[in-house]
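Working notes, structure below.
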Amino acid sequence: MQPPAFWWRPATDAGLMAGLLAPLAHIYATAAARRLRRAPWHAPVPVLCCGNIGVGGAGKTPLVMDLARRTISRGRRPAFLSRGYGGRAPAGTRVDPNHHTARDVGDEPLLLARIASCYVGADRSISARRALADGADCLLMDDGFQNPTLHQDLALVVVDGTVGFGNGRVLPAGPLREPVATGLARAGGVVIMGHDQQGIAASLPDGLPCFAATLQPDTQSVPRNQPIIAFAGIGRPAKFFEGLAQSGIRPASCLAFPDHHAYTAAEQAELHGLAVQAGACLVTTQKDEVRLNAAMRTEVRTVGLQLAWANPAMPERILDLWLGTTQR
(Lines give C-alpha, C1' and ligand atoms only; values in the text may rest on other atoms or scores of the structure.)
Protein backbone atom coordinates (compact mmCIF):
# COMPACT_ATOMS: atom_id res chain seq x y z
CA MET A 1 0.00 0.00 0.00
CA GLN A 2 1.44 3.35 -1.06
CA PRO A 3 1.17 6.51 1.13
CA PRO A 4 -1.85 8.73 0.34
CA ALA A 5 -1.20 11.61 -2.05
CA PHE A 6 -2.36 14.27 0.43
CA TRP A 7 0.65 13.51 2.62
CA TRP A 8 2.91 15.18 0.08
CA ARG A 9 0.82 18.24 -0.71
CA PRO A 10 1.65 21.64 0.80
CA ALA A 11 0.19 22.22 4.26
CA THR A 12 -2.23 24.78 2.82
CA ASP A 13 -3.52 22.23 0.30
CA ALA A 14 -3.51 19.03 2.38
CA GLY A 15 -7.24 18.56 1.92
CA LEU A 16 -10.20 17.47 3.98
CA MET A 17 -8.81 14.05 4.89
CA ALA A 18 -5.75 15.50 6.60
CA GLY A 19 -8.00 17.73 8.69
CA LEU A 20 -10.27 14.85 9.67
CA LEU A 21 -7.27 12.81 10.79
CA ALA A 22 -5.81 15.65 12.87
CA PRO A 23 -7.18 14.33 16.21
CA LEU A 24 -5.53 10.96 15.61
CA ALA A 25 -2.32 12.73 14.66
CA HIS A 26 -2.38 14.56 18.00
CA ILE A 27 -2.72 11.25 19.83
CA TYR A 28 0.17 9.77 17.83
CA ALA A 29 2.42 12.76 18.50
CA THR A 30 1.63 12.69 22.22
CA ALA A 31 2.43 8.98 22.43
CA ALA A 32 5.69 9.48 20.53
CA ALA A 33 6.74 12.28 22.88
CA ARG A 34 5.95 10.16 25.92
CA ARG A 35 8.01 7.27 24.52
CA LEU A 36 11.01 9.53 23.97
CA ARG A 37 11.06 10.46 27.66
CA ARG A 38 12.38 6.99 28.47
CA ALA A 39 15.96 7.09 29.79
CA PRO A 40 18.29 5.56 27.17
CA TRP A 41 21.36 3.44 27.76
CA HIS A 42 24.64 5.31 27.19
CA ALA A 43 27.20 3.28 25.28
CA PRO A 44 30.90 3.83 26.12
CA VAL A 45 31.63 4.51 22.42
CA PRO A 46 30.35 7.19 20.01
CA VAL A 47 26.89 6.51 18.56
CA LEU A 48 25.68 8.09 15.30
CA CYS A 49 22.06 7.79 14.18
CA CYS A 50 20.99 8.48 10.60
CA GLY A 51 17.23 8.71 10.80
CA ASN A 52 14.37 10.89 9.69
CA ILE A 53 11.31 12.70 10.91
CA GLY A 54 9.02 11.33 8.22
CA VAL A 55 8.29 7.86 6.90
CA GLY A 56 9.50 6.52 3.58
CA GLY A 57 12.84 6.20 1.86
CA ALA A 58 15.04 9.27 2.18
CA GLY A 59 18.43 7.62 1.63
CA LYS A 60 19.40 6.63 5.17
CA THR A 61 20.92 3.26 4.28
CA PRO A 62 23.21 4.53 1.48
CA LEU A 63 24.27 7.31 3.86
CA VAL A 64 25.28 5.01 6.73
CA MET A 65 27.05 2.71 4.27
CA ASP A 66 29.10 5.62 2.94
CA LEU A 67 29.96 6.87 6.42
CA ALA A 68 30.91 3.37 7.57
CA ARG A 69 33.38 2.97 4.70
CA ARG A 70 34.95 6.31 5.58
CA THR A 71 35.09 5.34 9.24
CA ILE A 72 36.87 2.09 8.40
CA SER A 73 39.38 4.03 6.30
CA ARG A 74 40.22 5.97 9.48
CA GLY A 75 41.15 2.71 11.16
CA ARG A 76 38.01 2.45 13.28
CA ARG A 77 35.83 -0.62 13.86
CA PRO A 78 32.21 0.46 13.31
CA ALA A 79 29.17 -1.73 13.74
CA PHE A 80 25.69 -1.16 12.36
CA LEU A 81 22.54 -1.29 14.48
CA SER A 82 19.29 -1.84 12.59
CA ARG A 83 15.76 -2.69 13.54
CA GLY A 84 15.69 -5.48 10.97
CA TYR A 85 12.20 -4.61 9.79
CA GLY A 86 10.15 -7.70 8.97
CA GLY A 87 12.74 -10.08 10.40
CA ARG A 88 12.16 -12.68 13.09
CA ALA A 89 15.64 -13.00 14.58
CA PRO A 90 15.91 -12.16 18.30
CA ALA A 91 17.30 -8.81 19.43
CA GLY A 92 21.07 -8.63 19.30
CA THR A 93 21.46 -11.14 16.47
CA ARG A 94 24.60 -10.57 14.42
CA VAL A 95 23.71 -10.74 10.74
CA ASP A 96 25.40 -13.43 8.66
CA PRO A 97 24.74 -12.84 4.93
CA ASN A 98 25.75 -16.44 4.21
CA HIS A 99 23.16 -17.81 6.60
CA HIS A 100 20.36 -15.31 7.16
CA THR A 101 17.65 -14.25 4.72
CA ALA A 102 15.52 -11.11 4.60
CA ARG A 103 12.80 -13.06 6.40
CA ASP A 104 15.24 -13.56 9.27
CA VAL A 105 16.80 -10.12 9.62
CA GLY A 106 15.15 -7.76 7.12
CA ASP A 107 16.59 -6.43 3.87
CA GLU A 108 18.82 -3.48 4.84
CA PRO A 109 20.88 -5.49 7.38
CA LEU A 110 21.93 -7.94 4.66
CA LEU A 111 23.37 -5.02 2.70
CA LEU A 112 24.98 -3.40 5.74
CA ALA A 113 26.64 -6.66 6.81
CA ARG A 114 28.62 -6.67 3.56
CA ILE A 115 30.54 -3.66 4.89
CA ALA A 116 30.76 -4.14 8.66
CA SER A 117 29.19 -6.22 11.40
CA CYS A 118 25.46 -5.56 11.76
CA TYR A 119 23.12 -6.35 14.64
CA VAL A 120 19.34 -6.33 14.53
CA GLY A 121 16.57 -5.72 17.03
CA ALA A 122 14.11 -3.05 18.14
CA ASP A 123 16.02 -2.53 21.40
CA ARG A 124 19.22 -0.94 20.14
CA SER A 125 20.85 -1.16 23.56
CA ILE A 126 20.85 -4.97 23.36
CA SER A 127 22.42 -4.84 19.91
CA ALA A 128 24.93 -2.22 21.06
CA ARG A 129 26.13 -4.39 23.94
CA ARG A 130 26.59 -7.33 21.60
CA ALA A 131 28.52 -5.19 19.12
CA LEU A 132 30.80 -3.90 21.88
CA ALA A 133 31.46 -7.44 23.06
CA ASP A 134 32.51 -8.29 19.50
CA GLY A 135 35.02 -5.43 19.38
CA ALA A 136 33.21 -2.45 17.83
CA ASP A 137 34.61 0.95 18.81
CA CYS A 138 31.83 3.10 17.31
CA LEU A 139 28.19 2.48 16.41
CA LEU A 140 26.05 3.49 13.42
CA MET A 141 22.26 3.36 13.68
CA ASP A 142 20.42 2.92 10.39
CA ASP A 143 17.12 4.61 11.31
CA GLY A 144 15.88 4.74 14.90
CA PHE A 145 15.84 8.51 15.43
CA GLN A 146 12.68 8.05 17.53
CA ASN A 147 14.01 4.94 19.30
CA PRO A 148 14.56 5.70 23.01
CA THR A 149 16.63 2.65 23.97
CA LEU A 150 20.12 3.95 23.10
CA HIS A 151 21.62 7.41 23.58
CA GLN A 152 22.66 9.05 20.30
CA ASP A 153 25.80 11.18 20.52
CA LEU A 154 25.03 12.61 17.09
CA ALA A 155 21.72 12.35 15.24
CA LEU A 156 21.41 13.26 11.58
CA VAL A 157 17.96 13.85 10.12
CA VAL A 158 17.89 12.71 6.48
CA VAL A 159 15.38 14.55 4.29
CA ASP A 160 14.36 13.89 0.69
CA GLY A 161 14.82 17.22 -1.06
CA THR A 162 11.98 16.47 -3.46
CA VAL A 163 9.20 16.10 -0.89
CA GLY A 164 10.73 17.61 2.24
CA PHE A 165 8.47 17.16 5.26
CA GLY A 166 5.35 16.71 3.13
CA ASN A 167 2.26 18.47 4.42
CA GLY A 168 3.93 18.98 7.80
CA ARG A 169 1.45 16.81 9.70
CA VAL A 170 2.01 13.82 11.97
CA LEU A 171 0.75 10.32 11.16
CA PRO A 172 -1.87 9.47 10.02
CA ALA A 173 -2.74 13.00 8.83
CA GLY A 174 0.69 13.31 7.23
CA PRO A 175 4.00 11.47 6.81
CA LEU A 176 5.71 12.64 10.00
CA ARG A 177 6.61 10.48 12.98
CA GLU A 178 6.77 13.59 15.16
CA PRO A 179 6.46 17.37 14.64
CA VAL A 180 9.31 18.88 12.63
CA ALA A 181 10.29 21.35 15.36
CA THR A 182 10.48 18.59 17.97
CA GLY A 183 12.67 16.41 15.81
CA LEU A 184 15.03 19.16 14.71
CA ALA A 185 15.51 20.21 18.34
CA ARG A 186 17.14 16.81 19.00
CA ALA A 187 19.14 16.68 15.77
CA GLY A 188 22.81 17.44 15.46
CA GLY A 189 22.56 18.00 11.73
CA VAL A 190 20.42 17.58 8.63
CA VAL A 191 21.35 15.82 5.40
CA ILE A 192 19.31 16.86 2.37
CA MET A 193 19.24 14.15 -0.29
CA GLY A 194 18.78 15.45 -3.81
CA HIS A 195 17.91 18.93 -5.05
CA ASP A 196 16.34 21.03 -2.29
CA GLN A 197 13.05 21.71 -4.08
CA GLN A 198 11.20 22.49 -0.84
CA GLY A 199 13.52 25.14 0.58
CA ILE A 200 14.47 22.90 3.49
CA ALA A 201 17.89 24.43 4.14
CA ALA A 202 16.46 27.94 4.44
CA SER A 203 13.85 26.79 6.96
CA LEU A 204 16.25 25.11 9.41
CA PRO A 205 17.02 26.60 12.83
CA ASP A 206 20.05 28.87 12.97
CA GLY A 207 23.24 27.00 13.79
CA LEU A 208 22.01 23.54 12.83
CA PRO A 209 24.61 22.01 10.47
CA CYS A 210 23.19 21.23 7.04
CA PHE A 211 24.77 18.83 4.57
CA ALA A 212 23.79 17.94 1.02
CA ALA A 213 24.25 14.86 -1.14
CA THR A 214 22.72 13.11 -4.13
CA LEU A 215 22.07 9.46 -4.89
CA GLN A 216 23.03 8.30 -8.36
CA PRO A 217 21.86 4.90 -9.65
CA ASP A 218 24.62 2.58 -10.81
CA THR A 219 23.12 1.15 -14.01
CA GLN A 220 26.21 -0.50 -15.48
CA SER A 221 24.64 -3.96 -15.27
CA VAL A 222 21.44 -2.93 -17.09
CA PRO A 223 21.40 -3.92 -20.79
CA ARG A 224 20.60 -1.23 -23.32
CA ASN A 225 19.60 -3.57 -26.13
CA GLN A 226 16.42 -5.16 -24.75
CA PRO A 227 13.19 -4.06 -23.05
CA ILE A 228 13.30 -3.43 -19.30
CA ILE A 229 10.73 -4.34 -16.66
CA ALA A 230 11.54 -2.48 -13.45
CA PHE A 231 10.05 -3.37 -10.07
CA ALA A 232 10.64 -2.09 -6.56
CA GLY A 233 9.22 -2.46 -3.07
CA ILE A 234 10.89 0.45 -1.28
CA GLY A 235 9.76 3.61 0.50
CA ARG A 236 9.24 5.54 -2.71
CA PRO A 237 9.39 3.27 -5.80
CA ALA A 238 8.82 6.28 -8.05
CA LYS A 239 12.27 7.59 -7.08
CA PHE A 240 13.83 4.38 -8.41
CA PHE A 241 11.92 4.55 -11.67
CA GLU A 242 12.74 8.25 -12.08
CA GLY A 243 16.40 7.51 -11.43
CA LEU A 244 16.42 4.95 -14.22
CA ALA A 245 14.83 7.44 -16.61
CA GLN A 246 17.37 10.10 -15.70
CA SER A 247 20.10 7.57 -16.53
CA GLY A 248 18.64 7.06 -19.99
CA ILE A 249 16.78 3.83 -19.16
CA ARG A 250 13.06 3.94 -19.88
CA PRO A 251 11.41 0.71 -18.70
CA ALA A 252 8.57 -0.77 -20.73
CA SER A 253 6.82 -1.45 -17.40
CA CYS A 254 7.27 -0.19 -13.84
CA LEU A 255 5.78 -2.27 -11.03
CA ALA A 256 5.56 -0.79 -7.52
CA PHE A 257 5.23 -2.90 -4.37
CA PRO A 258 4.93 -1.86 -0.69
CA ASP A 259 8.08 -1.01 1.25
CA HIS A 260 9.95 -4.11 2.50
CA HIS A 261 7.56 -6.29 0.48
CA ALA A 262 8.15 -10.03 0.95
CA TYR A 263 7.84 -11.39 -2.58
CA THR A 264 5.88 -14.63 -2.72
CA ALA A 265 6.83 -17.51 -4.99
CA ALA A 266 3.75 -16.75 -7.10
CA GLU A 267 4.73 -13.09 -7.50
CA GLN A 268 8.25 -14.01 -8.51
CA ALA A 269 6.92 -16.53 -11.01
CA GLU A 270 4.64 -13.83 -12.42
CA LEU A 271 7.54 -11.42 -12.80
CA HIS A 272 9.52 -14.13 -14.55
CA GLY A 273 6.60 -14.82 -16.86
CA LEU A 274 6.21 -11.15 -17.76
CA ALA A 275 9.89 -10.92 -18.63
CA VAL A 276 9.81 -14.05 -20.78
CA GLN A 277 6.68 -12.91 -22.59
CA ALA A 278 8.15 -9.49 -23.38
CA GLY A 279 11.69 -10.68 -23.98
CA ALA A 280 12.65 -8.24 -21.26
CA CYS A 281 15.26 -7.93 -18.54
CA LEU A 282 14.07 -7.59 -14.94
CA VAL A 283 15.69 -4.70 -13.06
CA THR A 284 15.32 -3.94 -9.36
CA THR A 285 17.03 -2.38 -6.32
CA GLN A 286 19.60 -3.93 -4.01
CA LYS A 287 17.05 -3.99 -1.20
CA ASP A 288 14.57 -5.87 -3.37
CA GLU A 289 17.17 -8.30 -4.68
CA VAL A 290 17.91 -9.71 -1.22
CA ARG A 291 14.18 -10.47 -0.78
CA LEU A 292 14.08 -12.73 -3.83
CA ASN A 293 14.75 -16.46 -3.88
CA ALA A 294 18.10 -17.74 -5.13
CA ALA A 295 16.82 -18.70 -8.57
CA MET A 296 15.14 -15.33 -9.12
CA ARG A 297 18.27 -13.44 -8.06
CA THR A 298 20.13 -14.95 -11.00
CA GLU A 299 17.52 -13.53 -13.39
CA VAL A 300 17.47 -9.89 -12.29
CA ARG A 301 19.89 -7.03 -12.79
CA THR A 302 20.43 -4.98 -9.68
CA VAL A 303 20.84 -1.21 -9.56
CA GLY A 304 22.78 0.12 -6.60
CA LEU A 305 23.07 3.70 -5.39
CA GLN A 306 26.20 5.81 -5.32
CA LEU A 307 26.23 8.70 -2.86
CA ALA A 308 27.87 11.94 -4.01
CA TRP A 309 28.44 14.77 -1.53
CA ALA A 310 27.93 18.39 -2.55
CA ASN A 311 31.26 19.13 -0.88
CA PRO A 312 33.91 16.48 -0.11
CA ALA A 313 34.54 18.11 3.25
CA MET A 314 30.98 17.38 4.42
CA PRO A 315 31.35 13.69 5.34
CA GLU A 316 34.66 14.37 7.06
CA ARG A 317 33.00 17.02 9.20
CA ILE A 318 30.26 14.54 10.11
CA LEU A 319 32.85 11.99 11.19
CA ASP A 320 34.66 14.63 13.24
CA LEU A 321 31.41 15.66 14.93
CA TRP A 322 30.50 12.04 15.64
CA LEU A 323 33.82 10.52 16.67
CA GLY A 324 34.77 13.63 18.60
CA THR A 325 31.54 13.83 20.62
CA THR A 326 33.17 12.20 23.63
CA GLN A 327 36.67 11.50 24.82
CA ARG A 328 37.11 7.73 24.81
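The values are calculated or read from the model by the stated rules, or taken from the named source; none is laboratory data. Keep in mind it's a predicted model, so treat the numbers as computed, not measured. Every residue, glycine among them, receives a Cβ derived from its backbone with ideal geometry; neighbour counts consider all protein chains shown.
Worth a mention:
- Selection status of residue 278, in contact (Cβ under 8 Å) with a residue 60 or more places away in the chain, touching a Ser or Thr at 6+ places or on another chain (Cβ under 8 Å) and farther than 26 Å from residue 87 by Cβ: no
- Residue in the stretch 150-163 that is crowded, with 19+ Cβ neighbours inside 10 Å and either outside the structural domain of residue 63 (by TED's automatic domain parsing) or on the phi > 0 side of the Ramachandran plot (or both) present: no
- Hits in the stretch 112-123 - residues which are crowded, with 23+ Cβ neighbours inside 10 Å and either in a helix (DSSP H, G or I) or small (Gly, Ala, Ser) (or both): 112
Rundown of residues vs (1) aliphatic (A, V, I, L, M); (2) part of a loop (DSSP other than H, G, I, E, B); (3) buried (at least 16 other Cβ atoms within 10 Å of the Cβ), yes/no style:
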| position | (1), (2), (3) |
| --- | --- |
| 259 | no, yes, yes |
| 271 | yes, no, yes |
| 304 | no, no, yes |
| 316 | no, no, no |
| 322 | no, no, yes |
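- Any chance residue 238 is outside the structural domain of residue 295 (by TED's automatic domain parsing) and either among the basic types (Lys, Arg) or assigned to a helix (DSSP H, G or I) (or both): no
- First in the stretch 7-32 and without any contact (Cβ under 8 Å) to a residue 12 or more places away in the chain, second anywhere and hydrophobic (A, V, I, L, M, F, W, C), Cβ under 7 Å, 6 or more apart: 15/6
- Test: residue in the stretch 44-64 that is part of a helix (DSSP H, G or I), out of contact with any Asp or Glu (no Cβ under 7 Å at 6 or more places or on another chain) and at pLDDT 95 or above: yes
- Restricting the first member to the stretch 75-98 and to residues that are surrounded by fewer than 18 Cβ atoms within 10 Å (Cβ to Cβ), and the second to residues that are of a type in the set (Phe, Trp, Tyr), the beta-carbon pairs closer than 9 Å and six or more apart or on different chains are 91/119.
- Looking across the stretch 124-143, the residues that are crowded, with 18+ Cβ neighbours inside 10 Å, part of a helix (DSSP H, G or I) and not β-branched (Val, Ile, Thr) come down to 124, 125, 127, 128, 130, 131.
- Only one entry in 291, 224, 317, 250 is basic (Lys, Arg) and either in contact with a Ser or Thr (Cβ under 8 Å, 6 or more places away or on another chain) or closer than 28 Å to residue 84 by Cβ (or both), namely 291.
- Note on the stretch 159-215: residues that are part of a loop (DSSP other than H, G, I, E, B), more than 14 Å from residue 310 (Cβ to Cβ) and among the acidic types (Asp, Glu) amount to 2.
- Flag if residue 131 is at pLDDT 95 or above and touching a strand residue (DSSP E or B) at 6+ places or on another chain (Cβ under 7 Å): yes
- Taking the numbered list (1) surrounded by fewer than 21 Cβ atoms within 10 Å (Cβ to Cβ); (2) of a type in the set (Val, Ile, Thr); (3) farther than 28 Å from residue 88 by Cα in turn, residue 191 passes all entries but (1).
- Qualifying residue in the stretch 227-235 (condition: closer than 19 Å to residue 53 by Cα and in the same structural domain as residue 289 (by TED's automatic domain parsing)): yes
- Residues in the stretch 275-284 that are crowded, with 16+ Cβ neighbours inside 10 Å, farther than 14 Å from residue 295 by Cα and of a type in the set (A, V, I, L, M, F, W, C): 275, 280, 281, 283.
Condition check ((1) loosely packed, with under 12 Cβ neighbours inside 10 Å; (2) farther than 30 Å from residue 76 by Cβ; (3) aromatic (Phe, Trp, Tyr); (4) not assigned by TED's automatic domain parsing to the domain that holds residue 255) across all residues:
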position	(1), (2), (3), (4)
2	no, yes, no, yes
10	yes, yes, no, yes
13	yes, yes, no, yes
19	no, yes, no, yes
26	no, yes, no, yes
31	yes, yes, no, yes
42	no, no, no, yes
